[in-house]
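Trainee: Take a look at this one; I'll ask things after.
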Amino acid sequence: MQFDEVVQGRRSIRGYLDKPVPRALIREVLQLAMRAPTSLNTQPWNFYVVGGAVLDRIRKGNVERNLAGVPDSREFRMGPGYQGVHRERQIGIAKQLFAAMGIARDDKDARQGWVLRGFRQFDAPACVVMTYDKALEGGDIAQFDVGAVVNSLVLAAWSRGLGCVINSQGIMQSPVVRAHTGIPEDEIIMTCVAMGYPDFSFPANNVRSRRRPVEEVARFIGFDD
Ligand SMILES: Cc1cc2nc3c(=O)[nH]c(=O)nc-3n(C[C@H](O)[C@H](O)[C@H](O)COP(=O)(O)O)c2cc1C
């Protein structure tokens, strides 16, 4: 695939075929993704690739704690919640997804069902949990570096026929993830990526999220043309 085709074609995949992803393919995707640049080439990331019965136990634990009302315990901080234009954009993508899925605004059960899908890692056959070394806590660079590799990962996966969604919901109950993966205490869980073969008949998978125009976000300074 050409670069433009990968970047333009990729979108978040929230419905998967019931088909396992070979370990060798995920390994290849990770190897490609890790060409991402990092500050001073520190490569502060760690990947926990989870599938099978272990992933099912994480899904179960996530859903149980969510239904029991256990507060989020994510380790990579979210902040106080989005306001203003950021909130508007958050609502914008939610509206696109709910419209595609036929979920009405006042249908609380369907909305809750959608949230639980996220806690179940969208029923993907695999998921990659990403951590960075706690020794780097206190700065913002390690998080920048992991962000770079996450983007590389979802693009590399797409180029190999795999779909992904970066899924904060999957690590909101971090003790569940730690308990089932053995992530050591000297690593901070940053995010996870659900991964598998896309089910293109799943309506949300065909939603194209919007982007702000370049004219709105970029200022060119010192150019004559
Ligand atoms: C840090 C991060 C966390 C995300 N967490 C979630 C999530 O919990 N649930 C979800 O459905 N999508 C999640 N997403 C996916 C975004 O909603 C999605 O990337 C965005 O709406 C743009 O859509 P696109 O990926 O299809 O271009 C997350 C993306 C990022 C970068």
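Just so it is clear, none of the values below were taken in a lab; they were calculated from the coordinates. None of the values given here were measured: they were computed from a predicted structure. Quick reminder, even Gly has a Cβ in these numbers, built from the backbone with ideal geometry, and neighbours come from all protein chains shown.
Trainee: Could you tell me the extents of region 173-225's C-alpha atoms along the three principal axes, largest first, rounded to whole Å?
Mentor: Taking the Cα atoms of region 173-225, the three principal extents are 57, 39, 17 Å.
Trainee: To continue, here is another question. Where does the chain land on the Kirkwood hydrodynamic radius, alpha-carbon pairs, in angstrom?
Mentor: It works out to 18.8 Å.
Trainee: Between the DSSP loop rule and a limit of at most 12 other Cβ atoms within 10 Å, which chymotrypsin sites (Phe, Trp or Tyr not before Pro) in region 143-208 are left?
Mentor: Within region 143-208, the qualifying chymotrypsin sites (Phe, Trp or Tyr not before Pro) (loop, at most 12 other Cβ atoms within 10 Å) are Phe200.
Trainee: Then there is this: Using Cα-Cα distances under 8 Å and only pairs 6 or more residues apart, what relative contact order does region 134-214 have, in percent?
Mentor: Relative contact order for region 134-214 comes out at 30 percent.
Trainee: Among the trypsin sites (Lys or Arg not before Pro) in region 1-108, which ones are in a DSSP loop with at most 11 other Cβ atoms within 10 Å of the Cβ? Mind listing them? Walk me through the numbers before you get to the answer.
Mentor: Numbers: sites: Arg10, Arg11, Arg14, Arg23, Arg27, Arg35, Arg57, Arg59, Lys60, Arg65, Arg74, Arg77, Arg87, Arg89, Lys95, Arg105, Lys108; in loops: Arg10, Arg11, Arg14, Arg35, Arg74, Arg77, Arg105.
When the trypsin sites (Lys or Arg not before Pro) of region 1-108 are filtered for loop state and at most 11 Cβ neighbours within 10 Å, Arg35, Arg77, Arg105 remain.
Trainee: I need to check one value: relative contact order of the chain, counting alpha carbon pairs closer than 8 Å and at least 6 residues apart, in percent.
Mentor: Here the relative contact order equals 40 percent.
Trainee: Based solely on its DSSP helices, what 222 nm [θ] is calculated for the chain when runs of n ≥ 4 H residues each add -39,500 (n - 2.57) and the sum is averaged over all residues, nearest 500 deg cm²/dmol?
Mentor: -13000 deg cm²/dmol
Trainee: Another one. Working only with C-alpha atoms, what are the Rg and Dmax values of region 50-179, expressed in angstrom?
Mentor: 16.0, 46
Trainee: Classify region 1-95 as rounded, prolate or oblate, taking a ≥ b ≥ c as the square roots of the eigenvalues of its Cα gyration tensor: rounded when a/c is under 1.5, otherwise prolate if a/b is larger than b/c and oblate if not.
Mentor: It comes out rounded by the Cα gyration axes.
Trainee: Tell me which GluC sites (Glu not before Pro) from region 177-224 have a DSSP coil assignment and no more than 13 other beta carbons within 10 Å of their own. Walk me through the intermediate numbers first.
Mentor: Working: sites: Glu185, Glu187, Glu215, Glu216; in loops: Glu185.
Passing both the DSSP loop test and the Cβ count: Glu185.
Trainee: Debye calculation, C-alpha points only, no solvent: report log10 I(q)/I(0) for region 134-209 at q = 0.14 Å⁻¹, in the same order as the q values.
Mentor: One equal scatterer on each Cα of region 134-209 leads to -0.59.
Trainee: Between Asn206 and Asp186, what's the calculated FRET efficiency when r is the beta-carbon distance and R0 is 30 Å? Round to 0.05.
Mentor: Values: r = 41 Å, r/R0 = 1.38.
Result of the calculation: an efficiency of 0.15.
Trainee: Right, next: Per the Cauchy relation, a quarter of the hull surface: what is the mean projected area of the convex hull of the alpha carbons in region 59-109, in nm²?
Mentor: Details: hull surface 20.8 nm².
Answer in nm², one decimal: 5.2.
Trainee: Ok, one more. Evaluate the relative contact order of region 80-190 (contact order divided by residue number), counting alpha-carbon pairs under 8 angstrom at least 6 apart; express in whole percent.
Mentor: Reported relative contact order: 30 percent.
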